[in-house]
1. Can you give the net charge of the other residues whose Cβ lies under 14 Å from the Cβ of Arg18, counting K and R as +1 and D and E as -1?
2. Ranked highest first by average number of other Cβ atoms within 10 Å, how do 28-34, 44-50, 16-22 line up?
3. If I stretch the segment between Glu29 and Thr48 completely, what's the gain in nm (0.36 nm per residue apart, minus their alpha carbon distance), one decimal?
Amino acid sequence: MGNLCCCVQVDQSTVAIREQFGKFDSVLEPGCHCLPWIFGKRVVGHLTLRLQQLDVRCETKTKVYHFILTPSYKMDA
């Protein structure tokens with residue numbers, strides 16, 4: 001249905017990749033967008049912007065015997 005009326009909806013926390021005649025054109029932010037397929041524009045993919053946190057306890061000793069704890073982050077692509 002999105003191709004017939006040229007409207008595309010991009011969900012929150014995602015972006016869409018738009019191309020024109022097979023060449024990268026732009027990145028679409030969340031919201032409603034008009035993509036006239038007659039001019040060769042189309043969405044080729046979606047990318048999530050959510051950040052997943054992985055809690056890992058990692059202790060490191062320094063020379064003065066202080067402990068350093070570091071959280072780990074992973075970008076979900």
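1. 0
2. 16-22, 28-34, 44-50
3. 5.7 nm
We did not get these values from a lab; they are worked out from the coordinates using the rules stated. All figures in this text were calculated on a predicted structure; none of them were measured in a lab. Glycine gets a Cβ as well: all are built from the backbone with ideal geometry, and neighbour counts include every protein chain shown.
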